[in-house]
Structures are given as C-alpha cells and as structure tokens.
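S.K.: Below is the structure I would like to discuss, written out as structure tokens.
The values are calculated or read from the model by the stated rules, or taken from the named source; none is laboratory data. Model, not experiment: these values are computed from the prediction. Here Cβ is always computed from backbone atoms with ideal geometry, including for glycine, and neighbour counts include all displayed protein chains. These accessible areas exclude ligands, DNA and RNA; they are computed on the full protein's heavy atoms, side chains included. Shrake-Rupley method; radii C 1.70, N 1.55, O 1.52, S 1.80 Å.
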Amino acid sequence: MNEFEDLLNSVSEVNPGDVVTAEVLTVDNGQANVIIEGTGIEGVLTLRELTNDREADINDFVKSGDKIEVLVLRQVVGKDTDTVTYLVSKKRLEARKAWDKLVGREGEVVTVKGTRAVKGGLSVEFEGLRGFIPASMLDTRFVRNTEQFVGQDIEAKIKEVDPAENRFILSRREVVEEKNAAARQEIFSKLEVGSVVKGKVARLTSFGAFVDLGGVDGLVHVTELSHERNVSPKSVVSVGDEIDVKVLAIDEEAGRISLSLKATTPGPWDGVEQKLAAGDVIDGKVKRLTDFGAFVEVLPGIDGLVHISQISHKRVENPKDVLSVGQEVQVKVLSVDADAERVSLSIKALQERPADAEGQGEKRQSRPRRQKREKRDYELPETQTGFSMADLFGDIEL
C-alpha cells in the first residue's frame, strides 16, 4: 500500500498550456499515441499538430520510442469509456518558441519558406509559424503570379509581429531593393560610357528592351536595337537572351543607363563602297515618299534618294502621283557618300527620253547665241560737260 501511495504522489497534474515531454507509444491511423513522462497520462498527437502539410506521412515525423517536447492543448474524454487523454501539439509549441524569437525583431531579415499562394499575397512559414507577405511587398514590381515563390526559401524583412493577434507580416521587396541598391552602386562604379558589356534581356516594352546588367537594368531604346528602321523589340530580341550592348549614357543620380545593341553589330554602311558605286543599276523597293522625292531601299538598311527631278523625264508635281510605298523599281546609282550616309539615285536615267523632249532639246540648242556687242572705239562724253548733239555732228550736212 505504501508503494502504491508513493506512485500516486509521484504523478504530476497536467493542465492545458503546459509544456511536457512525451514518449511515443504507437503510431497508427494518422496519429501518435504518447504518454506524458512522470504522469502516466496518455495523450494524442495528430498529423495536423505536427505539420501544416496535410499530405505528409506522420511516420516521417515520429516513431515508436521517440521522446518529444509537446504543448498540452486540452483534455479529451472517451465516448465509450471514462478514459481521459490529452490532445498535444508539437507544431504549436514550435510556433510559440518562434513567436518568442520574433518579438522585438521588426526590421530584421529572416529566411522563410513560401507555402501557399493566397488572395492578396503569399503565405510563408518561419519555424512552424505562419506569416504573410502581401503581393505589393513581394518584389519591386507588382507580382501577379505568386505561385512562383511556393516552395522557395525567401529572405524577407520583418514588418510586424503581434502574437496576441497571430499577426506576422514580412516584406521581400525591401530586401530586394537594398540588394539592388548595393549592386547598382557597384555596377555604376565599373561602367564607362563607350564600353561594351554583357547583359540579359529582362523584359520588353513597346519602346525598347530592358537589359539586366547584374542587378541593374539598362534600356536599349527601340531606335538602338537594330540598324533597320521601324522594328519592334520582340522581332529583335527575346526575354532571357544574353547580348552584348554598348553603354551610351549613364545617369547615376536618376539610376538610368542607356544602351545600344546596334552599336555592337556591323552597320549597313560599313564597307558600302565595295557594295555600291556610281553607275550601278540595281533593283530596289520604295520605302517612303516625301514632297521632294522617294527613298528606295537598295541594300538591307540602306535607303537612297530619288529626287523628284530624277523620277521621270516628264514633270512630276508629287512623287505620290507616280510611285507608291512597297513598289519595286529599278534605279541607277548617281553617287555614294558613305561618310554622310547618302546615296543619290535616278529612275529616269534608265528611261528613254521621249521624242518631244528630244526635239525641245535640239530646238533649245539650235537657238543662235546673242552676238557680243562690238567694243566702241570712242567714248561718249558725260552729260555734265554740256556737249550737245550739234557739237558732235555739227559739220555734217543734212
């Protein structure tokens, strides 16, 4: 009897909220049956109180004989018996410890794991504790598809910790901004106008392509993508392409870098003298029309001008009256100026001169030239001398 009384006296009382050590007796049907050390009281540990992963296998977390620290949640009385057990949780104990680690650490950076894309942002986990990153705080640009962060380890800055409200808010954007600022400073210190650097196409817009230079984006304006005119960015590069670009301008204060892709590739005018010469007759396509003539593409990227006076032997009031954009024409090269990037062309030089135009030309050429006046062998007196016609011819009889 004395030994039995000693045993009863050794049994400690268990209350909800206590942190106790329990030994796993059996694992069956998605739950573990445990006995709380020093009490002889049994408890139940379910998969839900082990992990947030509902698809997980409980056998991957506990096995018979394991001793684990758990949090006592509440008392459970059996339906068919008067047996009293306690529901315990390992997950909530870890969450309580996590809260203790987080309180007062606003502004610090911690590593969390993306668990689930939810409305308005991303649910994350820190040592068993759930947190939330709003979509506006995921990146420097708004992220529509938050699924891409699920399963990833994420560095984020703690914005708010409130255990009483179960509120844990973080920001990944601030971490990204700080890293970008450091990278930007390093990159700007190395970049020089005129240098050629490697980059990766990050995104495309209607006005050009943004190229990641290693943490800082530079812009290749649409006019600097290709030597060809009126191209669309997506017809020249694609997101993810690694390209060489030339640095045109740097504005560190505004954080802007102007780049050029076409400056790293041979231009259409390079070595044009070997491709084109005065007197050549070539086929071309009318690219655009103006009041003073037509621009005809004679080589890829090279347009020559057919002046309005070189379109036809007949008088042309407006190039649009006789030519149209896209029309195939044959032209004769009149001159090539590679330095000025100009080519003069003629259409009428390849056309036979009309007969009436030839006649008019002969008539103009046969017109007698005016005879030069014979040089006088005398000088007329100035009027202020007072001479009269009678003084000059007075000795002539009428």
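S.K.: With every protein chain in place, what's the accessible area of residue 307 (1.4 Å probe, Å², nearest 10)?
M.R.: Here the accessible area works out near 80 Å².
S.K.: Using Cα pairs closer than 8 Å and at least 6 residues apart in sequence, work out the relative contact order for segment 103-175, in percent.
M.R.: Normalised by residue count, the contact order of segment 103-175 is 36 percent.
S.K.: What does the charge add up to near residue 25, with Lys and Arg as +1, Asp and Glu as -1, over the other residues with Cβ less than 15 Å from its Cβ?
M.R.: Summing Lys and Arg as +1 and Asp and Glu as -1 gives -3.
S.K.: With Cβ to Cβ distances under 15 Å as the rule, what net charge do the other residues near residue 254 carry (K, R +1; D, E -1)?
M.R.: In short, -2.
S.K.: A follow-up question, please. Can you give me the accessible area per residue for segment 38-170, using a 1.4 Å probe, in Å²?
M.R.: Result: 58 Å² per residue.
S.K.: Search the structure for amide H atoms under 5 Å from the amide H of residue 323, placed 1.01 Å from N in the peptide plane, and list their residues when 5 or more places away or on another chain.
M.R.: Distant-sequence amide H within range of residue 323: zero hits.
S.K.: Quick one: ranking 303, 251 by accessible area, 1.4 Å probe, largest first, what do you get?
M.R.: Greatest to least solvent exposure: 251, 303.
S.K.: Could you give the accessible area per residue of segment 198-345, probe 1.4 Å, as a whole number in Å²?
M.R.: 57 Å²
S.K.: In what sequence, largest accessible area first, do 288, 144 appear using a 1.4 Å probe?
M.R.: If we order 288, 144 from most to least accessible, we get 144, 288.
S.K.: Could you compute how much accessible surface residue 273 exposes when probed at 1.4 Å, giving the result in Å² to the nearest 10?
M.R.: Taking all protein chains as shown, residue 273 has close to 110 Å².
S.K.: In addition: Keeping to pairs on different chains or 8 or more places apart, tell me how many lysine pairs in segment 24-121 have Cα atoms under 16 Å apart.
M.R.: Lysine pairs, 8 or more places apart or on different chains, close enough: 5.
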